[in-house]
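Notes follow once the structure below has been shown.
The values are calculated or read from the model by the stated rules, or taken from the named source; none is laboratory data. All values reported here derive from a predicted model rather than from experimental measurement. Every residue, glycine among them, receives a Cβ derived from its backbone with ideal geometry; neighbour counts consider all protein chains shown. To get the accessible areas, we keep the full protein, side chains included, count just its heavy atoms, and leave off ligands, DNA and RNA. Shrake-Rupley method; radii C 1.70, N 1.55, O 1.52, S 1.80 Å.
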Amino acid sequence: PTPTQSAAVSTPAPSPTTAPTAPPTQSVSSAAPSPSGSGSGGQHGANAYDAEACQQIALQHAGVSASQAVFTKTELEHDHGQKYYELEFYTASAEFEYKVDTTSGTILEAERKDLGAVNYSLEEAKSIALAHAGLTADQVYFDKAERDEDDGQVYYELEFVAGGHEYEYEIDAATGAILKYEHD
């Protein structure tokens, strides 16, 4: 099983029970991007921090640069009168989930899940599948091309159609090996 680390980060004080592998706790409020818009950030009901600002807060906390991250979810949520962005992103080595308050920029929840090695990109995985099928990119239509993970193993799940035939592949992201192949 892959280790999952969760940390509620509403208070910046370090906890003596934090596991040594947990990401470092940082005070986000002092280093957070400025609220969007003009005027005071604490207006009632106003979203002082937009989606981009909340993404930057999460990236800074995770210690990840924007160029390393791929966001898969950025959704404005409401829960008991509180507005926050629910963010999900991944890097080559980990997946992250954050909830960032839109009024204060405070991180409400932070989770990091370390992944296995990723040495092949999605585009490289597509090339491997196409070469195996004896096809070129201009001959196919991809129905599905996404990164997935199971028990710490990262792989790409690919589905494409060519000449009336359907192809399904799973390509190991660490080795480039074909884990699964179906053709009908």
Residue set 25, 2; condition at pLDDT below 90, surrounded by fewer than 19 Cβ atoms within 10 Å (Cβ to Cβ) and closer than 28 Å to residue 176 by Cα; output residue 2
Search result, residues across region 85-110 that are part of a strand (DSSP E or B), of a type outside the set (Lys, Arg) and either touching a residue at least 60 places away in the same chain (Cβ under 8 Å) or open to solvent by 20 Å² or more (accessible area, probe 1.4 Å) (or both): 85, 86, 88, 90, 95, 97, 107, 108, 109, 110
So, of the residues in region 64-84 that are open to solvent by less than 60 Å² (accessible area, probe 1.4 Å) and of a type in the set (Gly, Ala, Ser), which turns out to be nearest to the chain's Cα centre (by Cα)? 69
If the requirement is being surrounded by fewer than 19 Cβ atoms within 10 Å (Cβ to Cβ) and assigned to a strand (DSSP E or B), which of these qualifies: 124, 146? 146
Give the residue that is farthest from the chain's Cα centre (by Cα), with candidates limited to residues of region 128-143 that are assigned to a helix (DSSP H, G or I) and buried (at least 16 other Cβ atoms within 10 Å of the Cβ). 133
What's the number of the only condition in (1) crowded, with 17+ Cβ neighbours inside 10 Å; (2) in a helix (DSSP H, G or I) that residue 52 fails to meet? (1)
Of all the residues that make up region 159-177, how many are over 19 Å from the mean Cα position of the chain (by Cα) and either surrounded by 15 or more Cβ atoms within 10 Å (Cβ to Cβ) or of a type in the set (Lys, Arg) (or both)? 8
Tell me the residue from 118, 154 that is open to solvent by less than 60 Å² (accessible area, probe 1.4 Å), at pLDDT below 90 and touching a Leu at 6+ places or on another chain (Cβ under 6 Å), please. 154
